[in-house]
C-alpha cells in the first residue's frame, strides 16, 4: 500500500511539472511577438544603420524621417530579437532539469558554448502569470549572473500575451552571450520593456538607458519609446532621446498608414538651438510632400525653408511628443 501511494505521488508531481513546463514555454515572449513595427520599406533597400540622421528636407526629396522611423525600429528590434532567440532556444530546445507544480528550471548549454545558462520560471502570485529570470555563467565557473528577467501573462496563442521584462546588456556583454565579445559590446545599457502586448494590435513601452550612440561610440543615450499598431495596419511611434554626454535632446512622433504614407513631428535642443519641424511623406518611394521648420535656414542637423503643402499630409495636424528622456 505504501508503495502504491508513493508511486501515485510521484506520478502526480511528474504530471504537474509537465503541465507547468508546457505552460511556461507557451508564455515566454518571442521576437515575433515583441517587435516594433515601422512604415514599409522598398524592396532591396539597405538596412538602416543608426538612430540619428541629418535632415535638410525639401518637398520632392526622399523622406529622411521615414528612414529615421524605420531605423529606430531596427535599432530596437535587432538586439531584442537576438536576446529573445536565445531565450526561446533555452526553453524550447531543452527539457527542464527539474520541475514541480509551480516552477521549472532549465540549466546547461551546448557542449561548444562558452556559457552555461539557467532559466527559472515560476508561477506568479496572481496564479495566471509567470515570473522568469535568465542568468549565465562562463564555463567552467558556477557563479551565475542574471542579465534578464520579466513577467509574462499568457494570451490565447503560444508566445502571445502581455507582460514586461528587463535586459542588462552590459551584464550580457561580460558573458559574451552571443558568441562574439566585440559584437556583444556594440549594445550597452539597460532596456526596460515596461509593457508589451500582442493580444490585439501590438503595443510597447520601453525605457532604454545608457545606450551606445551609433555615430559616436564613446557617447551614451537615454531613450524612451512608445509604439502601437492600429487596427488598419498603420502605426504610431513616439520616442525621445537624451545624449547624456553632450546634453542634446530630441523627440520624434511618427505616424503612418498601412500604405506607407506618414508624418513625423520633431522637436530638438542641441548645439544651442531649440527647433521644431514637421515632415510628411507619401507612399513608396516615400517622397516628401510637406516640410515646415521653425528654423528656416539649414543648421546641422536640422532646419531649412518650408516646402510643399500640408493638405497633402496623411495626418493634417501636427502632434508633437510629450516625452522627455531622463
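The values are calculated or read from the model by the stated rules, or taken from the named source; none is laboratory data. Not measured: the values here are computed from a predicted model. Counting neighbours? That spans all protein chains shown, and the Cβs are built from the backbone with ideal geometry, glycine included.
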Practice prompt. From 127, 108, grab the single residue that is within 20 Å of residue 163 (Cβ to Cβ) and either without any contact (Cβ under 8 Å) to a residue 12 or more places away in the chain or loosely packed, with under 14 Cβ neighbours inside 10 Å (or both).
Written response: 127
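Residue by residue, here is whether (1) touching a strand residue (DSSP E or B) at 6+ places or on another chain (Cβ under 7 Å); (2) under 30 Å from residue 109 (Cα atoms); (3) in a loop (DSSP other than H, G, I, E, B); (4) at pLDDT 90 or above holds:
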position: 188; (1), (2), (3), (4): yes, yes, yes, no
position: 191; (1), (2), (3), (4): yes, yes, no, yes
position: 200; (1), (2), (3), (4): no, no, yes, no
position: 205; (1), (2), (3), (4): yes, no, no, yes
position: 226; (1), (2), (3), (4): yes, no, no, yes
position: 237; (1), (2), (3), (4): yes, no, no, yes
Practice prompt. From the list 82, 133, 173, pick out the single residue that is closer than 21 Å to residue 31 by Cβ, modelled with pLDDT under 90 and over 16 Å from the mean Cα position of the chain (by Cα).
Written response: 173
Worksheet entry | Subset of the range 212-223 (residues that are in contact with a strand residue (DSSP E or B) (Cβ under 6 Å, 6 or more places away or on another chain) and either within 15 Å of residue 71 (Cα to Cα) or at pLDDT below 90 (or both)) | 213, 223
Discussion item. Out of 143, 190, I need the residue that is exposed (fewer than 15 other Cβ atoms within 10 Å of the Cβ) and closer than 28 Å to residue 113 by Cα. Which one?
Written reply: 143
Fill in: Selection from the range 145-163 of residues that are out of contact with any helix residue (DSSP H, G or I) (no Cβ under 8 Å at 6 or more places or on another chain), over 15 Å from residue 24 (Cβ atoms) and in a strand (DSSP E or B)
162
Worksheet entry | Residue pairs meeting the criteria (Cβ under 6 Å; at least 6 apart or on separate chains; first at positive phi and part of a strand (DSSP E or B), in the range 257-285; second buried (at least 20 other Cβ atoms within 10 Å of the Cβ) and at pLDDT 85 or above) | none
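Here is a yes/no grid of residues against (1) touching a helix residue (DSSP H, G or I) at 6+ places or on another chain (Cβ under 7 Å); (2) surrounded by fewer than 22 Cβ atoms within 10 Å (Cβ to Cβ):
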{"site": "227", "(1), (2)": "no, no"}
{"site": "233", "(1), (2)": "no, yes"}
{"site": "242", "(1), (2)": "no, yes"}
{"site": "248", "(1), (2)": "no, yes"}
{"site": "254", "(1), (2)": "yes, no"}
{"site": "261", "(1), (2)": "no, no"}
{"site": "264", "(1), (2)": "yes, no"}
Discussion item. Could you tell me how many of the residues in the range 146-174 are in contact with a strand residue (DSSP E or B) (Cβ under 6 Å, 6 or more places away or on another chain), free of Cβ contacts under 8 Å to residues at least 40 places away in the same chain and either surrounded by fewer than 20 Cβ atoms within 10 Å (Cβ to Cβ) or farther than 28 Å from residue 112 by Cα (or both)?
Written reply: 8
Worksheet item: Before we move on, is residue 101 at pLDDT 90 or above, more than 26 Å from the chain's Cα centre (by Cα) and either in a helix (DSSP H, G or I) or surrounded by fewer than 19 Cβ atoms within 10 Å (Cβ to Cβ) (or both)?
Response: no
Item to complete: Identify all residues within the range 130-145 that are within 19 Å of residue 160 (Cα to Cα) and free of Cβ contacts under 8 Å to residues at least 40 places away in the same chain; write none if there are none.
Response: 131, 133
